[in-house]
Amino acid sequence: MGDVAWAQPAPTPTDTAAIKKCLESANDSLGHKCIGLIAGPCTTAADGDPAKTKACAIRELSVWEAQMEAALRRIRAGGFRDIKDDVARSQDSWKASVRSLCAVFDKIDPGMMPGGSAACSMHATAERALLLRRLGDAVNEH
């Protein structure tokens, strides 16, 4: 997250639609197979170029951040004050944790995590968005 999250462009309609379609047809309960859907092929096409690989992760990160924000809005709409408060506190802690952890990936061999902190942020944000989507569904079941 950190600098990566703030420097990214808005998600493109094409990327957003691809992730949305994947999530709608996901066989697993959360949609894990959809993580990397945009960044994976883009990274392959980047052919090892570190700047292009990072841009690929940032590109998909923007989609997952939008998914996470939508899930947070849905949780807030659920009307459970204690859950909304818990999630808000949790988000602050989560953001700080991701920022600290993902910065480390810029200090290691790029082959271990192509895209470095951007790839780490993309994966962490995608996982978080999937969990929050599930919670949003749960608090809006009626």
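For the reader, a short list of remarks on this structure follows.
- Tally of residues being on the phi < 0 side of the Ramachandran plot and touching a residue at least 60 places away in the same chain (Cβ under 8 Å) across the stretch 77-86: 2
- Residue identified as basic (Lys, Arg), closer than 18 Å to Gly136 by Cα and either outside any helix (DSSP H, G or I) or touching a residue at least 12 places away in the same chain (Cβ under 8 Å) (or both) among Arg89, Arg74, Arg59: Arg74
- Count of the stretch 19-30 residues, restricted to those that are in contact with a helix residue (DSSP H, G or I) (Cβ under 8 Å, 6 or more places away or on another chain) and at pLDDT 85 or above, is 4.
- Summed over the stretch 104-124, residues that are surrounded by 15 or more Cβ atoms within 10 Å (Cβ to Cβ) and either under 16 Å from the mean Cα position of the chain (by Cα) or under 24 Å from Cys34 (Cβ atoms) (or both) total 13.
- Only one of the numbered conditions (1) of a type in the set (D, E, K, R); (2) part of a helix (DSSP H, G or I); (3) over 30 Å from Thr14 (Cβ atoms) is violated by Glu65, and that is (3).
- Of everything in the stretch 97-122 that is of a type in the set (Gly, Ala, Ser), part of a helix (DSSP H, G or I) and touching a residue at least 24 places away in the same chain (Cβ under 8 Å), the residue that is nearest to Gln67 (Cα to Cα) is Ser121.
- Residue count, the stretch 84-103 (criterion: among the basic types (Lys, Arg) and under 24 Å from Cys34 (Cα atoms)): 2
The values are calculated or read from the model by the stated rules, or taken from the named source; none is laboratory data. All of these numbers come straight from a predicted model, not from anything done at the bench. Glycine gets a Cβ as well: all are built from the backbone with ideal geometry, and neighbour counts include every protein chain shown.
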